[in-house]
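The values are calculated or read from the model by the stated rules, or taken from the named source; none is laboratory data. These numbers come from a predicted model, not from an experiment. Positions of Cβ are generated from backbone atoms using ideal geometry, with glycine treated the same way; all protein chains shown enter the neighbour counts.
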Amino acid sequence: MPAADWARRHDLRQLWVSLLLSAAEHWSVLGQTDQAAAMLDQAQRAVGLRTMGAGRIGARLQFLRAGVLFQQRKLASGDKAVAAAMAFMRHGSKWLNQIAQLDRRFAAGQITTRGPITARAAMELYGRLLGDPTPADWALRPMESLSVLVTPHVPSYEHWFLVALERKVHEKALEIADLARRHRFFSSLAYGGRLQSLRWILEAPDELIGQDGLLHRQNLLAQYPAYAALKQQADAVRAELAAMPLVPDDPETAGKQRDALQRLAALSTLEEAVLREMAVRREPASLVFPPVRTTKQIQAALPEGHAILAFFLAKGNLYGFLLNREKYTYWRLQQTHLLGPRIVRLLSRMGHHGQDRQLSLTDLEDTGWQAAASELLAAILAGSRVDLTDEFPELVIVPDSILWYVPFEALPVEADGQLEPLITRFRIRYAPTISLAVTGDHRRRLDATTAVVVGQLFPQADEAIGQAAFRDLARVVPRCVPLPDKPPLPGPSSVYTTLMDQLIVLDDLTPGNGPYNWALLEAERSKPGNTLSDWLALPWGGPSVVVLPGFHTAAESALRGVNQAAPGQEIFLTICGLLSTGARTLLLARWRTGGQTSYDLVREFAQELPHTAPAAAWQRAVLLTMDTPLDLEREPRITRVAVADPPEAVHPFFWAGYMLVDPGVRPGAEQRKRKQGEAAADQAAAAFEPRAAPREGIRRF
């Protein structure tokens, strides 16, 4: 290489190393891995122990080394090299330094109407600095682009949000809040969400990525024939597996399934190496999930009468937004610092003092929680024009921070002189971002296979209880299949679950160390390939419906042990992680009751899913359960006493702990879905028990 030789002869070491690195990248792009590795080795020797090895040149060397290691299919070593490069970029990135400079101006009060930086200029600067890396950014500065994705800087989004409010561009502020949530998720992932976006672009169903995504997929497959060949093989193995039953009866088919799952896992590992090679290259890649939508697009996608209640925490203050198709309002919550104690009081009055702590009948009869719930709702809505006594069909809640622990379903409003919980007035569902509240009409399969983990929803419970619950479920949910526990699954759950349409886990789940380091299938917890982090990797996809009545959050202990620095973050990231695997409908417990009412809620919800929208199915399940007398012998968290007339499950302890996360349906799709459900119900009537009709009237306290 003449230029590099010239620089070496003239003792221009920094230029010499830079030219060697450029040559290494050139050979790597051409697929000449050995030549690229040789150039990197030569550059490493030239750097030696000099200080440049700890600077930008050393970071670039590690970054390019990662690409070569991925070409050699050495994933762990490549990931380590990327981490080393990003360790420098967190304090050496010019892009991140520009963001920090603007933040310092904000903190110093230098963004004002009179300058030195006007609010209008700050909006433009933050927009440029906090926007997704463009194709030009990836082409010209890939290391900078990746560093801005992997390095958390949520306060910068909060400053941008506050500047937008100062300029009274409230619609833009709502969009900025969504970008901040998205950034929280991206910065919690390996490669800042870039790797996950590449998985979506290359593997997600066509309808989820749009026309631009399909064109991008074609370009990537053309540029990376190795990945295209692996994908073709993996698709063929998937077709083999799709032709087999989820749980084969005969040993021969079971053996073929195990073999196919092993082959799919091996192919996916090779695909992951190529994906990482793409991630550190100069390839443009849109950040597909979570999506970004404007406020007007979100409003247009809302069905008539539906509303979104969204919250955002910025610089210690919570802000609320309520919007429907026609209008929106916003307010700053008063005394945000007092919300935590109010939530703790509500949860304590509901009886949440530990995940296994029992409640007495006296506790269930105590109505003190109602006053705490009313005070909390009043505190949340104080200063706003929001009136939840209005009639409307559905409310989507996008919580933030400590509000993730609030059981909004149980918060009461007064109507006709009596208190009514919100779930009795309208359907309620949740979304981690505003854009994910309206992702459109997804055609749920009417012939879906539902995989069920039959375990112990309450520790030390008789295994026969779970088995009986499964039999009840199987009588009303078609194609319900129990997963084997002995012998273990035929492959890692991260691979095996890609064969499932729906997954219901009737088992107590052990919280992990972090939002992705826990197993959805408790029996497989100690085995590799079974954490949520593993589910994020290829093969792409998983159950479109995931039901976890044994999930745990800090709500079950009235927020004792909650992460004070980022309350609610573990719930938000867990939900985003599950949705990024391809799930669309989630039902998670804030606290685990572990008794018959939990089984009943899950069964009623699951049997209605093929016939109506998930939010309607869940509201129906709750209303039916509230009218059902408790079987105290089957409620392990209620003190067992002999009573002639057991109370109904009206106390929110039994039904308010669940979060239904779902994107809803597009305007006009709900009626179409109802007609499809009615037709399917008629066809199934001869084989399955008739569905109970939702009761009329409203449950009042």
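Out of segment 449-498, which residues are basic (Lys, Arg) and modelled with pLDDT under 90?
Applying the first criterion (basic (Lys, Arg)) to segment 449-498 yields 471, 475, 479, 486.
If the condition is that a residue be basic (Lys, Arg) and modelled with pLDDT under 90, then 486 is the only one that fits.
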Subset of segment 124-171 [farther than 22 Å from residue 284 by Cβ and in contact with a Gly (Cβ under 9 Å, 6 or more places away or on another chain)]: 160
Within segment 575-591, residues charged (D, E, K, R) and modelled with pLDDT of 95 or more come out as 590
Residue in segment 20-49 that is nearest to the chain's Cα centre (by Cα), counting only those that are farther than 13 Å from residue 64 by Cβ and in a helix (DSSP H, G or I): 34
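Given the criteria touching a Gly at 6+ places or on another chain (Cβ under 9 Å), of a type in the set (A, V, I, L, M, F, W, C) and touching a residue at least 24 places away in the same chain (Cβ under 8 Å), does residue 307 qualify?
Values: touching a Gly at 6+ places or on another chain (Cβ under 9 Å): no; of a type in the set (A, V, I, L, M, F, W, C): yes; touching a residue at least 24 places away in the same chain (Cβ under 8 Å): yes.
In short, no.
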Checking the structure you have, find out if any residue of segment 610-631 is modelled with pLDDT of 50 or more, under 18 Å from residue 365 (Cα atoms), in contact with a Phe, Trp or Tyr (Cβ under 7 Å, 6 or more places away or on another chain) and aliphatic (A, V, I, L, M). yes
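Touching a residue at least 40 places away in the same chain (Cβ under 8 Å) and either out of contact with any Gly (no Cβ under 9 Å at 6 or more places or on another chain) or in the same structural domain as residue 388 (by TED's automatic domain parsing) (or both), is that true of residue 353?
On the way: touching a residue at least 40 places away in the same chain (Cβ under 8 Å): yes; either out of contact with any Gly (no Cβ under 9 Å at 6 or more places or on another chain) or in the same structural domain as residue 388 (by TED's automatic domain parsing) (or both): yes.
Spelling it out, residue 353 is indeed touching a residue at least 40 places away in the same chain (Cβ under 8 Å) and either out of contact with any Gly (no Cβ under 9 Å at 6 or more places or on another chain) or in the same structural domain as residue 388 (by TED's automatic domain parsing) (or both).
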Looking for something modelled with pLDDT of 95 or more and more than 30 Å from residue 349 (Cβ to Cβ) - is there at least one such residue anywhere in segment 546-565? yes
Within segment 403-493, considering only strands (runs of 3 or more DSSP E) that don't extend past its boundaries, which have at least 2 residues that are more than 30 Å from residue 247 (Cα to Cα), without any contact (Cβ under 8 Å) to a residue 60 or more places away in the chain and touching a Gly at 6+ places or on another chain (Cβ under 8 Å)? none
Among the residues that make up segment 241-252, is at least one of them in contact (Cβ under 8 Å) with a residue 24 or more places away in the chain, assigned to a helix (DSSP H, G or I), exposed (fewer than 13 other Cβ atoms within 10 Å of the Cβ) and outside the structural domain of residue 483 (by TED's automatic domain parsing)? yes
Among the numbered conditions (1) in a loop (DSSP other than H, G, I, E, B); (2) buried (at least 21 other Cβ atoms within 10 Å of the Cβ), tell me where residue 517 comes up short. (2)
I'm checking my understanding of the structure. Among residues of segment 269-315 that are acidic (Asp, Glu) and either part of a loop (DSSP other than H, G, I, E, B) or in contact with a Cys (Cβ under 6 Å, 6 or more places away or on another chain) (or both), which one is nearest to residue 212 (Cα to Cα)? 283
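Please state which one of 351, 305, 316 is buried (at least 22 other Cβ atoms within 10 Å of the Cβ) and at positive phi. So that I can check it myself, show each step before the final result.
Working: 305 fails: buried (at least 22 other Cβ atoms within 10 Å of the Cβ); 316 fails: buried (at least 22 other Cβ atoms within 10 Å of the Cβ).
One residue alone meets the criteria, 351.
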Being at positive phi, surrounded by fewer than 20 Cβ atoms within 10 Å (Cβ to Cβ) and small (Gly, Ala, Ser) is the requirement here; does residue 368 meet it? no
Inspect all residues belonging to segment 133-150 and state whether any of them is surrounded by fewer than 20 Cβ atoms within 10 Å (Cβ to Cβ), under 31 Å from the mean Cα position of the chain (by Cα) and outside any helix (DSSP H, G or I). yes
Of the residues 325, 345, 263, only one is closer than 29 Å to residue 410 by Cα, out of contact with any strand residue (DSSP E or B) (no Cβ under 7 Å at 6 or more places or on another chain) and at pLDDT 95 or above; which? 345
